Each structure stands twice: as structure tokens, then as C-alpha cells.
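Since the structure comes first, as C-alpha cells, the remarks are kept for the end.
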Ligand code: DGL
């Protein structure tokens, strides 16, 4: 494995670009190969078997592209597909999910004992955050709430307006989330509505945005393996399994820079 090989990142669609953006910001010399499985999104509504299969196939695609590490930039895919993909890749290349770094971060902080999680139906059903947080610290209580309207709302560009405010407030005011001291944004789309979530809580709780935490973890993993790139300029590739102009337009909002989407249908 060479240090100037790219980092592979994948998600069900373009939400994982928030994680790609944080990695790019922290490690600007790294080349990124992103794959958004737009042909199959949303993963939040898919069966665990389907998600496992998608993750294995996409992992193989990124390995063929000579990636030196794979980041599963999707909570739902991390919930169901990480274990199998990680086992499949073995010592060949590291696989990083978006859940473990956040769980470890919260456990290390030691002060958060009533953690809320908002995520897709699939992630909530997997119960992965509660299981992992409680196995690290059994004093932590976890309240997970499925918020399925938020992903299509964000993808349609509805944020920072009165409609998004109403939807966000109606989820966050649910009794389940009443006593939390921290809230995990358990979906890679949610950094785009972080300001609205912060406005709702008025700094009374800690809002955990996984993108920067995951980027830091990626840096640590690559550094330990002596795989950090020393290239000065990196040309990224952003692949999607089903191209539409709407994805092309929205992608920039997630990556914060111009993104050129290329169709690569690995399912044909
Ligand atoms: N990116 C996915 C996640 O973080 C949400 C979108 C989907 O349901 O496909 O869970």
C-alpha cells in the first residue's frame, strides 16, 4: 500500500459528502474517491441484507480503484454493513465507519449520560448507538428517534426556512428527547441543519456532528499506518450510480466546493 493512493468514501447518496468535506478540510493533500449509491437511496428504508450486499460491492469497487482506506460515510450503511465489509477486507485495507469514532468520543468526554440520537429508521432499528455507547459506559442512557422526513427535506433544499423549522421542531420536541444532555446527528445529511438544531436547543445541550470527529479518526488511522499523503495537489473523483441534475446541483451544498459528479453504474 502506497501513501499517495486515494481514500475511498461512500454513502447511499450525496449526504456523505459532509464527511468527505471534513476529511478534505483536515487533509487537503489527500485524493478522495467518492461513491454515492444514488440508484439505491435511501438506505434508511432498505433491509439489512440489501445494505450489506451494497456495502460489499461498493467496497470492492473502491478497492479496485486502489484506495488505501475505505470510509463508510453513512450511518445506516455503518450500522448494517461495516462488520461484513471490515471482515472481507481483513488486513488488506482499513475500513472506517462513522459510528465508532463518535461513540468513543462521547465515552471519552465522560460527562454525557443522556444521549439522544436522530437518524434514519434503519439506523434507529439497528440500535447500534445504544449498544455501543452502553457497552463502553453502562451509565449512559440513549434515546434514539427516527426522523425520516429530514433526509428528503434536506435533499430538496428545504433548510433554513420556515418549513424546515416546523419539521425539525416537531421532531425535537418529542417526549423521548426531553431530558437529553447531548444529541448525535446520526445521519450524514444532518450537518446542513445543525444551525437550526442549535437554534432549537439554544446551547443547552451538546450537538455532536460526526464529520469532524470521523475526519480526525481517519487522520489517526492513516498516520499510524504511515499512509498520510505527501502529494501537493489531489484530483478527486465523485461517482454516483445514477446521475441526475438535481444531485449534481445539491452536491456542492454538502461538499462546500464545486463537485463534478460522474456516473459509474456498478450494478449493471
Ligand atoms: N446517509 C444516510 C445515513 O447517514 C441517510 C440517507 C439514506 O437513508 O440513504 O444514514
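The values are calculated or read from the model by the stated rules, or taken from the named source; none is laboratory data. Here the structure is a predicted model, which is why all the values come from computation and not from measurement. As a convention, Cβ positions derive from the backbone with ideal geometry for all residues, glycine included, and neighbour counts pool all protein chains shown.
Assorted remarks:
- Residues in the range 9-52 that are within 15 Å of the ligand (Cβ to nearest atom), under 17 Å from residue 85 (Cα atoms) and without any contact (Cβ under 8 Å) to a residue 60 or more places away in the chain: 47, 50, 52.
- Residue that is nearest to residue 240 (Cα to Cα) [pool: residues in the range 15-36 that are outside any helix (DSSP H, G or I) and under 12 Å from the mean Cα position of the chain (by Cα)]: 36
- Residues of the range 222-268 satisfying the condition of being under 17 Å from the mean Cα position of the chain (by Cα) and either free of Cβ contacts under 8 Å to residues at least 12 places away in the same chain or closer than 18 Å to residue 71 by Cβ (or both): 238, 239, 240, 251, 252, 254, 255, 256
- Checked against the criterion of being touching a helix residue (DSSP H, G or I) at 6+ places or on another chain (Cβ under 9 Å) and surrounded by fewer than 20 Cβ atoms within 10 Å (Cβ to Cβ), the candidates 175, 148, 191 yield just one match: 148.
- Single residue of the range 61-73 satisfying the filter (over 17 Å from residue 41 (Cβ atoms) and touching a helix residue (DSSP H, G or I) at 6+ places or on another chain (Cβ under 8 Å)) that is surrounded by the fewest Cβ atoms within 10 Å (Cβ to Cβ): 63
- Single match in 10, 88, 35 (criterion: under 14 Å from residue 218 (Cβ atoms) and touching a helix residue (DSSP H, G or I) at 6+ places or on another chain (Cβ under 7 Å)): 10
- Number of the exception - residue 204 against (1) without any contact (Cβ under 8 Å) to a residue 60 or more places away in the chain; (2) surrounded by 13 or more Cβ atoms within 10 Å (Cβ to Cβ); (3) over 20 Å from the mean Cα position of the chain (by Cα); (4) outside any helix (DSSP H, G or I): (2)
- Residue 5 falls short on exactly one of the conditions (1) modelled with pLDDT of 95 or more; (2) under 25 Å from residue 150 (Cβ atoms); (3) not in a helix (DSSP H, G or I), and that condition is (2).
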